[in-house]
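The values are calculated or read from the model by the stated rules, or taken from the named source; none is laboratory data. What you see is a predicted model, and the numbers here were worked out from it, not measured in a lab. Glycine also receives a Cβ, built like all others from the backbone with ideal geometry; neighbour counts cover every protein chain displayed.
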Amino acid sequence: MAIPTRGSSFSTPPISIFYQRQPTCSLFPKFRNLPFLSYFSLSSSLNKGYTCRSKFRALIVAMADASRPTVLVTGAGGRTGQIVHKKLKERSDQFVGRGLVRTEESKEKIGGAEDVFVGDIRDANSIGPAIEGIDALIILTSAVPKMKPGFDPSKGGRPEFYFEEGAYPEQVDWIGQKNQIDAAKAVGVKQIVLVGSMGGMNPNHPLNSLGNGNILVWKRKAEQYLADSGIPYTIIRAGGLQDKEGGIRELLVGKDDELLQTETRTIARADVAEVCIQALQYEEAKFKAFDLASKPEGTGTPTKDFKSLFSQISTRF
Ligand SMILES: NC(=O)c1ccc[n+]([C@@H]2O[C@H](COP(=O)([O-])OP(=O)(O)OC[C@H]3O[C@@H](n4cnc5c(N)ncnc54)[C@H](OP(=O)(O)O)[C@@H]3O)[C@@H](O)[C@H]2O)c1
């Protein structure tokens, strides 16, 4: 929202400016009535002959911003992080969205706006500016294994993977996530949504041997750290991620990797992204950790009622 310049023409703002669906946002209950009251007191001041139109409008902008939580998504250049970032921007009536990416290239990839910060989660100092002033944090960073060169699918066998030096899951998924949680706690964040993975109940899960990284072990350790932090949290342990359209499948929540024993153990990245954002809007999503998958398209009823979805979850970890 642009700050109006001095001398710009004034028209009474539509009252809808002040009703930015706050009642559905569990992060800001205290602001529910403030804008309404302020609107009338300011309007009556104007009617009494005040002429500071630009100041008035700047105040309105500030009020509108104050009523919307500032939400930072990290890993905003990643495949799910990008979708979350886009959704936050599309819902600018509800959220002030920010992104954190690791490189300038990733920043360009998602539009290069000023509110996309560049920082490395392994270096606590570098993420400070992105975290400053946020109300909620959505963590979508992850160590990413790379395929060893020379794999020829025509010869059969399995590709081998490795992690770059310094970018093992211990550094990215443990230290890097811990850094984010600590920094967010220091600025008084009101909720953290963390996307992890199903499979963490099994220390011998094949993903742990990938590149010798023990990725699920380190992710789980970060999840535990968040759950113990005292900050309201939502831990989403996703099934196999798919680059498919969201909003057209029935979502399934579970616990303790039980969904891995069924046929329904995948989910569209777009659906995970939506659940991240919906989690900010319902008290029922707080202090919960759950597995997430979906029924195949065409079976079941596409999930629209997220309050009811979150209400089904009873597990805190
Ligand atoms: N793949 C699956 O089937 C699956 C299943 C279940 C759960 N998950 C989990 O779901 C989450 C989202 O997965 P995804 O595939 O959408 O993620 P992704 O595309 O792999 O994105 C991960 C992001 O983390 C960023 N990152 C890595 N190291 C960083 C660092 N040191 N500092 C800052 N950012 C860093 C990467 O930035 P760069 O691009 O700049 O490196 C990247 O944007 C992950 O936690 C993943 O483990 C995945």
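Okay, here's what the table says:
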item: Test for residue 152: is it over 24 Å from residue 76 (Cβ atoms) and among the acidic types (Asp, Glu); result: yes
item: Residue in the stretch 79-95 that is in the same structural domain as residue 179 (by TED's automatic domain parsing), within 15 Å of the ligand (Cβ to nearest atom), hydroxyl-bearing (Ser, Thr, Tyr) and touching a helix residue (DSSP H, G or I) at 6+ places or on another chain (Cβ under 6 Å) present; result: yes
item: Only listed residue being buried (at least 21 other Cβ atoms within 10 Å of the Cβ) and assigned by TED's automatic domain parsing to the domain that holds residue 121, chosen from 245, 263, 258, 223; result: 223
item: Enumeration of residues in the stretch 147-169 that are in a loop (DSSP other than H, G, I, E, B) and away from the ligand (no atom under 16 Å from the Cβ); result: 148, 149, 150, 151, 152, 156, 157, 158, 160
item: Enumerated strands (runs of 3 or more DSSP E) restricted to the stretch 201-266, each holding at least 2 residues that are among the hydroxyl-bearing types (Ser, Thr, Tyr) and away from the ligand (no atom under 12 Å from the Cβ); result: 233-238
item: Filter result for residue 74 (among the polar types (S, T, N, Q), in contact with a Leu (Cβ under 7 Å, 6 or more places away or on another chain) and either at pLDDT 95 or above or away from the ligand (no atom under 16 Å from the Cβ) (or both)); result: yes
item: Count of the stretch 128-159 residues which are acidic (Asp, Glu) and touching a residue at least 40 places away in the same chain (Cβ under 8 Å); result: 2
item: Residue check, residue 271 charged (D, E, K, R) and surrounded by fewer than 22 Cβ atoms within 10 Å (Cβ to Cβ); result: no
item: Condition broken by residue 135, with the remaining ones in (1) in contact with a Lys or Arg (Cβ under 9 Å, 6 or more places away or on another chain); (2) surrounded by fewer than 20 Cβ atoms within 10 Å (Cβ to Cβ); (3) at pLDDT 95 or above satisfied; result: (2)
item: Only listed residue being surrounded by 12 or more Cβ atoms within 10 Å (Cβ to Cβ) and more than 21 Å from the chain's Cα centre (by Cα), chosen from 165, 170; result: 170
item: Some residue of the stretch 130-146 being touching a Cys at 6+ places or on another chain (Cβ under 6 Å), more than 9 Å from the ligand (Cβ to nearest atom), in a strand (DSSP E or B) and under 22 Å from residue 246 (Cβ atoms); result: yes
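Matching residues to (1) under 28 Å from residue 167 (Cβ atoms); (2) at pLDDT 95 or above; (3) more than 19 Å from the chain's Cα centre (by Cα):
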position	(1), (2), (3)
216	yes, yes, yes
229	yes, yes, no
236	yes, yes, no
247	no, yes, no
250	no, yes, yes
259	no, yes, yes
267	yes, yes, no
